[in-house]
């Protein structure tokens, strides 16, 4: 009996252990065995239709976000501040991620919210009232709500949108509300790389130091020196600024970033590090110096602790982007040395020129990150910008407002106003129609005040305002998207500013040789540089078009330009075209396409051939057969 009781206890205990094991296994694993939601057969085509629109609209939002620094819709405080973005291709705004000493980049939450907003606003346009589905009557029960999640490998978009589904007789079949789709773009990883680079720049000031190095190595840019001469040495700030812009334009794209997919150097790291340890003053000059040693030492940046070897990073500065450069001491555009002459009869012919200049410089840099794996191998580019800030020859990112070099807002100056009011009107220079919602800024010497916007008032569009009393002859500047900025000095109480309208044109480039006109080959590109003769307005574009450069924006009025086109095959110049381009309004009215033409001279294999090509292009400047045509 005793043994039988013991066996019973063991049996009961075993049952409890088995049940406990089953329960534990169930609770641990139940999320993995939850069956997928069963979609009724009737709902499947509608669900697929909605989710295909989620993909299409979501992808649109993400592409726009890549062009506009992580914004689908640029915040008004950035969009209305010309110091907070760069214009790419004449019209696309690329906002800064750093301004006035602060990180102003969008957060991941901001980006998710903006994608959701874009999907919400554009979803119904994509659905087209379900016109593509004929076998059902589909009625909307509730409004759309959208939730976006940016993951490492994809962007997941979920839609809560209740639809009542009926057959063609009007009999209710069912209703369905939950839809989701994912866009295969590695946006979180791209964003993390972008933030890491931005944080490293704010900490290391790599671009500021590199700019100073480039300037110091250029003999045309004066810093500190002494020369024996009895003639004052002089320089132009404008020419120095142009030189700096050239240096940045050609050298910043050479920057390669470690732990990304960069163009490899000729030799392993160990070779370059060995050369870096050599003391050039004591050690003999070694043989077999790598041809790219200078590029490795000057343009190889190592800011990353995490590897992003599957992503490419490009850096650029374009010469038509803004640059503020101030040199001290200077008098207007002129920079001069100090000359000291000997004061005895023996030293009367002995002169020394001394000079020491410091520079304040602000200019924008654009970073482009390309991920070849996103969009299922189609590739995705994410761009953003930030200012490079140099103060008195030294990097200064702590609290250096990009506007400090020219103007700054001063509450005391801007609040001490005149008793009398001024009326500011803005008109379209071509149509002479008044312009509503034009931003008006008052500037005087180093001060800047936001006066407001033109608006409907007394059967007119105007701004009625007082101005700072300590500077009644200041300058008012008007700006509005779709127009060139314009300014005018205040010399009376009624101020009229005329702004030139702009118009967007699609464009293409054709090459011309002895056999006629042809399209560009797959390995050929054309660089187009257009400069307005009378207005401060320059346009640079590449063909085939880069992302964000879909249009060229010209003055929508009579205008005179100079135009240069450079035709490239890989890295070789093979032709081009130069002309003085005079446009009448009637030439462009009703047109939306420009066709540019460039001579195809072919690759110049020798220096004589290169000279012959340049001579040919100069000789054939203004050839009317190759003047751009509108259609």
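Just a few scattered comments:
- Spatial separation of Cα centroids for the stretch 226-270 and the stretch 531-545, in angstrom: 24 Å
- Stretchable slack from residue 192 to residue 175, in nm (0.36 nm times residue separation minus alpha-carbon distance): 2.1 nm
- Extension reserve of the residue 456-residue 610 stretch, reckoned as 0.36 nm per residue once the Cα distance is removed: 49.5 nm
- Förster radius 56 Å - calculated FRET efficiency between residue 437 and residue 263, Cβ distance, rounded to 0.05: 0.75
- Using alpha-carbon coordinates, inclination of helix 2-33 to the longest axis of the chain, degrees: 40 degrees
- Rel. contact order, % - alpha carbon contacts under 8 angstrom, at least six apart, the chain: 10 percent
- Peptides 576-582, 44-50, 613-619 ordered by average Cβ neighbours within 10 Å, highest first: 576-582, 44-50, 613-619
- Difference of contour (0.36 nm per residue) and Cα-Cα distance, residue 378 to residue 44: 117.4 nm
- Rounded if a/c under 1.5, otherwise prolate or oblate - the stretch 205-395, Cα gyration tensor axes: oblate
- Nearest-ten-degree value, helix 44-67 long axis tilted from longest Cα axis of the chain: 20 degrees
- A crude spin-label estimate for the pair residue 491 and residue 504, with each label 7 Å from Cα along the Cβ direction, gives 3.8 nm.
- Inter-part distance where the stretch 583-610 and the stretch 353-391 are each reduced to a Cα centre, Å: 29 Å
- Note on residue 239/residue 145: beta-carbon distance plugged into 1/(1 + (r/R0)^6) with R0 of 56 Å gives a FRET efficiency of 0.45.
- Of the two radii for the stretch 502-630, the radius of gyration is 0.97 times the Kirkwood radius, both from the alpha carbons; that is the Rg over Rh value.
- Sites residue 100 and residue 166, calculated FRET efficiency, Cβ-Cβ separation with R0 60 Å, nearest 0.05: 0.55
- Folded to 0 to 90 degrees: helix 237-251 orientation relative to the chain principal axis, Cα: 40 degrees
- Hull volume in cubic angstrom per residue (convex hull over the Cα atoms of the stretch 105-183): 95 Å³
- Calculated [222 nm] ellipticity per residue, helices only, for the chain: -8000 deg cm²/dmol; basis is -39500 (n - 2.57) per DSSP H run with n ≥ 4, divided by all residues, nearest 500.
- Here the label points at residue 331 and residue 603, each 7 Å from Cα along the C-beta direction, are separated by 5.4 nm in the simple model.
- Cα-based Kirkwood hydrodynamic radius, the chain, one decimal, Å: 30.1 Å
Computed from the coordinates by the stated procedures, all read-outs in this text should not be read as laboratory data. Fair warning: this is a prediction, and the values are worked out from it, not measured in the lab. Reconstructed Cβ throughout: ideal geometry from the backbone, glycine too, with neighbour counts over all protein chains shown.
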